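Remarks on the structure that follows.
The values are calculated or read from the model by the stated rules, or taken from the named source; none is laboratory data. Computed from a prediction, not measured in an experiment: that's the story for all the values here. Cβ coordinates were reconstructed from backbone atoms using ideal geometry, including for glycine residues, and neighbour counts include every protein chain displayed. When the accessible area is computed, the model is the full protein with side chains, heavy atoms only, and any ligands, DNA or RNA have been set aside. Shrake-Rupley method; radii C 1.70, N 1.55, O 1.52, S 1.80 Å.
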Amino acid sequence: MFYREAGQFKSSYAADSQIFPIRQDRIGFGLIIAFAFLGVPLLAALGIVSNYTFTAILTPFLIFSLAALGLNILTGYAGQLSLGTAAFMAVGAFGAYNFMLRIDGMPILLAFILGGLCAAAVGIVFGLPSLRIRGFYLAASTLATQFFVVWFVTKVGWFTNYSTSGVISAQKIRMFGYTFNSSMSKYLFVLGVVSVLTLLAKNMVRTNIGRSWMAIRDMDMAAEVIGFRPMRTKLMAFAVSSFYCGVAGALFAYAYLGTVEPEGFNLDLSFRILFMVIIGGAGSILGSFLGSAFIVLLPIFLNIFLLFLETSLHLELPSGISSSIELMVFGGLIIFFLIVEPHGLARLWQIGKEKLRLWPFPH
Amino acid sequence: MDKVRKIGDVVLSFENISLSFGGVKALTNISFDVREHEIRAIIGPNGAGKSSMLNVINGVYHPQDGEIVFRGQHRRDMNTYESAKSGIARTFQNIALFKGMSVLDNIMTGRNLKMKSNFLLDALYWGPARREEIEHRKKAEEIIDFLEIQHIRKTPVGRLPYGLQKRVELGRALAAEPSILLLDEPMAGMNVEEKQDMCRFILDVNDQLGATIVLIEHDMGVVMDISDRVVVLDYGKKIADGTPDEVRNNQNVIDAYLGVAH
Amino acid sequence: MQFFFEVLIAGLLSGVMYSLVALGFVLIYKASGVFNFAQGSMVYFAALTAVGLHDKGLSLWLSVPLTMVVMVVLALLIEKIVLRPLVAQPEISLFMATIGLSFFIEGLAQAIWGANVRALDLGIEDVPLEWVLEKANMAISQFDLIAAGIATVLVATLALFFSRTKIGRALRAVADDHQAALSIGIPLQHIWGIVWSVAGFVALVAGLLWGSRNGVQFALTFVALKALPVLILGGFTSVPGAIVGGLIIGASEKLAEVFLGPYVGGGLEGWFPYVLALLFLLIRPEGLFGEKIIRRI
Amino acid sequence: MAASSPDKVVGTLDTFPHLLLNHARVRGDRPATREKDLGIWQTWSWRQVAEETRAMACGLSALGFKRGDNLAIVGDNRPRLYWAMCAAQMLGGVPVPLYQDAVAQEMAYVLENAGIKFAIVEDQEQVDKLLEIMGNGPALNHILYDDPRGMRHYTQPYIQSLDEVIEMGRIHDRTQPDFLDGEIALGRPGDVAVMLYTSGTTGKPKGVCQTHASFITAAQSGVEFDHLGPQDDILSYLPMAWVGDHLFSYAQAMVAGFTINCPESGDTVLTDLREIGPTYYFAPPRVFENLLTTVMIRMEDASAIKRRMFHAFMAVARRCGAEILDGKPGVSAADRLLYALGNLCVYGPLRNVLGMSRIRVAYTAGAAIGPDLFRFYRSIGVNLKQLYGSTETCAAVCLQPDGEIKFDSVGKPAPGVEVRIADNGEVLVRGKMLLKEYYRRPEDTAEAIDHEGFFHTGDAGFFDEDGHLKIIDRAKDVGKLASGDLFAPNYIENKLKFVSYIKEAVAFGQGLDKVCAFINIDLGAVGNWAERRNIAYSGYTDLAQKAEVYELIRQCVEDANADLAHDPMLCASQVQRFLILHKELDPDDDELTRTRKVRRGFIGEKYRVLIDALYSEKRSQFIETQVRFEDGRSGMISADLRIMEARTTPSQAVKKAA
């Protein structure tokens, strides 16, 4: 309806293969980015966006988006189901922590990248079984990653700098002499990292490497016959995916929680991120963000709703009911999406967009 | 139109190939050869081992016995990657397209061996990666043009009708600029018009792009029209080999194949 | 050496329990091609329901059958609401659906009965068997032995049920070929309903046994995670595989914990079975008793 | 380069080659031609076009093409075929574009008639057609093809690829740099620039010779009239042999310097239209009609809410849209607000999906356009206008000025054009844009242009009180009923065809006591209508004879009758009996011309029995007809056709007067 595509013709392949070929999309996306980088801080300065919004919504949303993006590369694009996302996040977080701790003058971004690379290495090792096994056999083997890594980091004191409780306190994020102390500055830091990595991911999935992943996912035999090497392709997917999860894990520790223990990266977190991918849309970068937003916001709205029920109906709800209901809603939604829209929110968005493009025609 | 195509030397030959799965013999002592630039057909009733033969050629199956001579190299078997690398491309009997990708992307995957960029450059979409992507896009577009599928360029292949999917699959194989093209029942399940189109494409590929074609087909009529030489298999054994006319008049073939209504 | 056997036997006894849970998985997998991740949640749900009803004043003789009825209803609902709409979907989607299902069931259990740990007393004491202690100087838990006994009976019954009864054979037909099963006149939905009900029954027994030992708590859901390596080892479709796999996993896990644990700070149980299964997987991707998958193109 | 010093060449801009070279000089880097090929819009700047054209001209010359030769051009709208026209003109030759879908024997006549020795064709298909013709008729010396696909094995020495010739030309131009400039300089505005064959409703086609001067004048007046400039874009998709395309895509583009855009293929025109979003658009009424039909059909499938919204806003648009577009006063503020809202929700998106977002001026011509249809486009904000002209007049006799749009007139005479109405009602035209002559047919030329220099258009019409020309019919078709009342068959047929369910109509009544008609239903629209009512049918013939369809068409005919009753002159022409034909009228069966005009005489002969039945009391009539299928085979269709009465409306002139 707002699309005016007539006259937006492409006279070169470069123009045709840009990320947003439609001008209205470019404008819309530009506005969103501008709002995220400038609008939000401005609103915060005006007192409209509170600290709570940053720490409880925006920052975790972005970090989870990144983790979901990582998992989406592996599961959505390369078709390898993983239940060990949190483990890779843990590797990233504890990797970055130790690089910061043990190397003087370590730039924080480099530490994050190295943390991500550690995660990638672990990803490759635990991705090796994917060459022989597929489907939920593979999913089961990624559970091994999950349990092993968390156990290993817990048991080997070196990782947590021999902290008795196993809890580490992440160092301050410091860059170019500036310390990211405030919740808003942390948000902006995360936003920057996530934006760059998202762009890189988008580029990967629209070029040869991305096509190789999707080929393996859709029809591995045919992919092999036209010259994609399954081992290389799958391990690459594991590596890249784990790298993203690793960086997300580092951000999780540094920009969100501040203090973490290995147990914080448990199976539950892995599932949560898997849910983001399913609800958001497997095989869609946008889906990772939509899914993350959904899962971050759902408990908040659920609580508000329950509170409203309690006060308006004078109900005495048992304590802990909200977490139980949260579980039920999550579970129910997963089933709902798998049945009704297996491609998640991203597909819904795509359908909606298609409708807007064809408006007023129905199809 | 007169054919001025030149058929060259033997590029690929099989000697006494035998293949079995857990004791079940799929191919027994098969020998034949393929010459450069020819259209070589493998025919036979259902279960004759035609697809198995194709799978041996590009290394999906590994024969237990026999020898393959490929471009002068003697070898026990082929492997998929190497055969792709050395210019063998194929299509599948049950379409094996990448369902979640567009027609264009499917054809682009066919170009992967020609791409040199690595994933880091891809991620940055910069310099050589970008140039390469555009250059290969052009090649892919030429194939799209050749196969007359411009109107579905950006459609996900899963949404296409069967006949068009077959065409896209041919496109993906052509994208590799193969010297040998293996076609597994390219016309199965098509209507007359689609068959004619496919025939034209096969002849054009052979003629204009110079590819050697090995094809399996059920439809005898079509095969006889377009092939230079035909191998006939029955129950995993070779029962005839020669020009379409020779094969047509071969008593074994008549008994095994033509005599049987199918 | 004595100690080794003590550990081994304890391991084997808990292994029987794993076999029991794994059998629940195999049952469902064979009949509907679904890897039921929610099996653990069903164990939790069943145990919590039984103990919850018991706490409300019902006797165990009443609360357990009542729970069984609830489990059957749950099974039928799952079949109708979750499985039927997903029937033609890839296995992996069904798998993810059962993850969702497990969350839902856990949430449901807690919403009804609360999240507190509840004690369950079946009247069997967890003490070493005296005569073994005397004769061989090994501490073998009486409780473990009885539990293993019950589990063995159940496993045997199910194995027989599978191979001897009409329904059992029908189940195998379904597992082999849905189309064929339909053509011999067995409605797929019925079979699924039955299978899930049986799985619910297995879950109830496992929940009671485990719950009475460690208390009925959320940790029961992890039973499912324990059963997974068993299945990898034994193969998803094999009843004997589940039994043998369960014993292997139970024994090796205990042994590793006791003999390897001290060197690495303990806590191996969580991952050791997985790594074991994984290594095994690399050698034999279809599991001990599983069917070889031939890739066709 | 050295010798082509532009100043020397571009003296005055009075021939097309001069115009081209001037654009290359003035706006060398601006896009001149685009073509959707290999997935993107390949673009050539004016400079590149000039270079390519020069090379092509030199190549042609090297092959022996010389001043006065005619060059046949056959194919879809391809850039190089457009350039070929200018290349021929550079050498003082005359391009002769032919209809690419013409069958071989039609083409043979033109080739023979124009004495063609050189042909530039699009592809293998056209080469094969020419070869077929050459087997028993005119001998071509050279056939040049644009698309090399499938051409590898044509060994005939006279068949060459255009690439080769252009390459040859480049070398030629380099070795003899002065040659081409000299040839271009020899061109005179009075030289014949192009020869367009009229499709001729009767008899064999005639070659209309138009000079540079006449086409440039015609183009110029249009360009100035609508303020066209280099920034404009047009989609070139109509047959190159049609005067409309030649005027818009060639002459006006050359004069104004705007960009022509060639679609990928005939099948993708709508997509390409949407991508390019032209600012200037030209289409015959049937294209607009088909578009509207698709709009309506697609809207049928929309949700109820959306459909209601659509119809509500379309009602607003009908009420005030055209007035707002014309900038007329008297539209209430409320309506303006509603229209603005509608523009956001419906009209804007609709223009967008139709590819008409950017249109500043759109024209339609070639046939009468239904008032509803015309109003629809104007009301959604597409500045659609009508023009009137013919091949002989460079399609530039009358134009509708912005703001003075009447639905049933074709506008005022273009600047420099004199229009006079003869006593018998025939429209006579004089001006610079008149044809020079009919090729090798002096007697036809003499007949068409009278001693005062007026061209007899053959159309009957009159000026209304505002000085707008109104065309009612072909002059020779306007006749009398037995009662002596005026009978204008085309007028009646158009009235019927304006209904979306009716695709073609043929009215009879000359010298007879009443008017009867043949109807062709629109398979798309009626098929859709039938599906919504669960009426099963197996094809055109079956659908056409359904009782329900007859009922539907009867309603349409009666509506048209009511309409005719408004006009006192035509009140007697109401259709009293009609039948729906069992087959669609088809140019391949010679029932229609290539521009889809009804060949009345031919149809009258062919379907004699049906006409007799219409004028008898019969309720049905059996008929068997031979048809030619697309692949060239023929077959028979037979059917028992029903004949139905339609109610007529008494004259309302009296009521109106009261």
Q | Single unsatisfied condition, C:His54 versus (1) within 14 Å of chain A (Cβ to nearest Cβ); (2) over 30 Å from A:Leu302 (Cβ atoms); (3) open to solvent by 50 Å² or more (accessible area, probe 1.4 Å) | A | (1)
Q) Which residue out of A:Glu354, A:Glu263, A:Glu326 is touching a His at 6+ places or on another chain (Cβ under 9 Å), open to solvent by 20 Å² or more (accessible area, probe 1.4 Å) and either within 13 Å of another protein chain (Cβ to nearest Cβ) or at pLDDT 95 or above (or both)? A) A:Glu354
**Q.** Checklist (1) of a type in the set (A, V, I, L, M, F, W, C); (2) open to solvent by less than 20 Å² (accessible area, probe 1.4 Å); (3) under 22 Å from the mean Cα position of the chain (by Cα) applied to D:Phe407, failing item
**A.** (2)
Q) Restricting attention to segment A:200-256, which residues are touching an Asp or Glu at 6+ places or on another chain (Cβ under 8 Å) and part of a helix (DSSP H, G or I)? A) A:Asn203, A:Met204, A:Asn208, A:Ile209, A:Gly210, A:Arg211, A:Met214, A:Pro230
Q) Are any of the residues in segment B:194-216 over 23 Å from B:Val60 (Cβ atoms), modelled with pLDDT of 90 or more, open to solvent by less than 10 Å² (accessible area, probe 1.4 Å) and not aliphatic (A, V, I, L, M)? A) yes
(Q) Out of the strands (runs of 3 or more DSSP E) lying entirely within segment B:19-131, which hold 3 or more residues that are within 14 Å of chain A (Cβ to nearest Cβ)? (A) B:88-90
Q) For segment B:132-150, which residues satisfy the criterion of being touching a Phe, Trp or Tyr at 6+ places or on another chain (Cβ under 7 Å) and more than 7 Å from chain A (Cβ to nearest Cβ)? A) B:Leu147
Q. Mind checking which residues of segment D:239-270 are among the β-branched types (Val, Ile, Thr) and within 14 Å of another protein chain (Cβ to nearest Cβ)?
A. D:Thr259, D:Ile260, D:Thr268, D:Val269
Q.
Would you confirm, using the coordinates I've provided, whether A:Phe9 is in a loop (DSSP other than H, G, I, E, B) and hydrophobic (A, V, I, L, M, F, W, C)?
A. yes
Q | Candidate set: segment D:271-296, residues that are assigned to a helix (DSSP H, G or I), crowded, with 17+ Cβ neighbours inside 10 Å and hydrophobic (A, V, I, L, M, F, W, C); chosen: the one nearest to the other protein chains (Cβ to nearest Cβ) | A | D:Ile276
(Q) Condition (residue is more than 18 Å from A:Ile278 (Cβ to Cβ) and surrounded by fewer than 21 Cβ atoms within 10 Å (Cβ to Cβ)) applied to segment C:30-37: is it met by at least one residue? (A) yes
Q.
Restricting to segment C:69-112, and then to whatever is of a type in the set (Val, Ile, Thr) and open to solvent by less than 70 Å² (accessible area, probe 1.4 Å), can you tell me which residue is farthest from A:Gly283 (Cα to Cα)?
A. C:Val70
**Q.** Test: residue in segment A:124-144 that is assigned to a helix (DSSP H, G or I) and more than 14 Å from chain C (Cβ to nearest Cβ)
**A.** yes
(Q) Of everything in segment A:122-144, what is over 20 Å from C:Tyr29 (Cα atoms) and open to solvent by 40 Å² or more (accessible area, probe 1.4 Å)? Give them in sequence order. (A) A:Ile124, A:Val125, A:Leu128, A:Leu131, A:Arg132
Q) Among the listed residues C:Leu108, C:Leu58, C:Leu86, which satisfies the condition of being aliphatic (A, V, I, L, M) and modelled with pLDDT of 90 or more? A) C:Leu108
(Q) Quick check on segment D:48-76: of everything there that is touching a Ser or Thr at 6+ places or on another chain (Cβ under 8 Å) and open to solvent by 10 Å² or more (accessible area, probe 1.4 Å), which residue is modelled with the lowest pLDDT? (A) D:Asp76
Q) If you go through segment D:500-523 one residue at a time, do you hit one that is under 23 Å from D:Arg298 (Cα atoms), more than 22 Å from the chain's Cα centre (by Cα) and of a type in the set (Phe, Trp, Tyr)? A) no
Q) Which residues, counting only those in segment A:277-308, are away from chain C (no Cβ under 14 Å), in a helix (DSSP H, G or I) and open to solvent by less than 50 Å² (accessible area, probe 1.4 Å)? A) A:Ile285, A:Gly287, A:Ser288, A:Phe289, A:Ser292, A:Ala293, A:Val296, A:Ile300
Q. Looking only at segment D:305-340, which residues are among the small types (Gly, Ala, Ser), under 15 Å from D:Val382 (Cα atoms) and away from every other protein chain (no Cβ under 14 Å)?
A. D:Gly321, D:Ala322, D:Gly327, D:Ala340
Q: Run C:Leu255 past the list (1) at pLDDT 80 or above; (2) within 13 Å of chain A (Cβ to nearest Cβ) and report the number of the one that doesn't hold.
A: (2)
Q) When you go through C:Ala119, C:Ala115 one by one, which is the residue that is within 13 Å of chain A (Cβ to nearest Cβ) and open to solvent by 60 Å² or more (accessible area, probe 1.4 Å)? A) C:Ala115
Q: Name every residue in segment A:330-351 that is in a helix (DSSP H, G or I), surrounded by fewer than 19 Cβ atoms within 10 Å (Cβ to Cβ), without any contact (Cβ under 8 Å) to a residue 60 or more places away in the chain and in contact with a Leu (Cβ under 7 Å, 6 or more places away or on another chain), in order of residue number.
A: A:Ile339
Q: Among what's in segment D:467-522 and is among the hydroxyl-bearing types (Ser, Thr, Tyr) and in a loop (DSSP other than H, G, I, E, B), pick the residue that is most open to solvent (accessible area, probe 1.4 Å).
A: D:Ser483
Q | Meets criteria (more than 14 Å from chain D (Cβ to nearest Cβ) and surrounded by 24 or more Cβ atoms within 10 Å (Cβ to Cβ)) for A:Ser50 | A | no
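Residues checked against (1) closer than 30 Å to A:Thr154 by Cβ; (2) out of contact with any strand residue (DSSP E or B) (no Cβ under 8 Å at 6 or more places or on another chain); (3) within 11 Å of chain B (Cβ to nearest Cβ); (4) open to solvent by 10 Å² or more (accessible area, probe 1.4 Å):
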| site | (1), (2), (3), (4) |
| --- | --- |
| A:Val167 | yes, no, no, yes |
| A:Asn181 | yes, yes, no, yes |
| A:Leu200 | no, yes, yes, yes |
| A:Ile226 | no, no, yes, yes |
| A:Ala237 | yes, yes, yes, no |
| A:Ser241 | yes, yes, no, no |
(Q) Contact list please: Cβ distance under 8 Å, first residue in segment A:199-210 and within 15 Å of B:Arg131 (Cα to Cα) and of a type outside the set (A, V, I, L, M, F, W, C), second residue open to solvent by 10 Å² or more (accessible area, probe 1.4 Å) and outside any helix (DSSP H, G or I), pairs at least six apart or on different chains. (A) A:Asn203/B:Tyr125; A:Arg206/A:Ser17; A:Arg206/A:Ile19; A:Arg206/B:Tyr125; A:Thr207/B:Ser117; A:Thr207/B:Tyr125; A:Asn208/B:Met115; A:Asn208/B:Ser117
**Q.** Residue list for segment D:329-367, restricted to those being more than 23 Å from D:Thr279 (Cα to Cα) and part of a loop (DSSP other than H, G, I, E, B)
**A.** D:Pro329, D:Gly330, D:Val331, D:Ser332
**Q.** Failed item, numbered, when A:Leu110 is tested on (1) within 11 Å of chain C (Cβ to nearest Cβ); (2) modelled with pLDDT of 90 or more
**A.** (1)
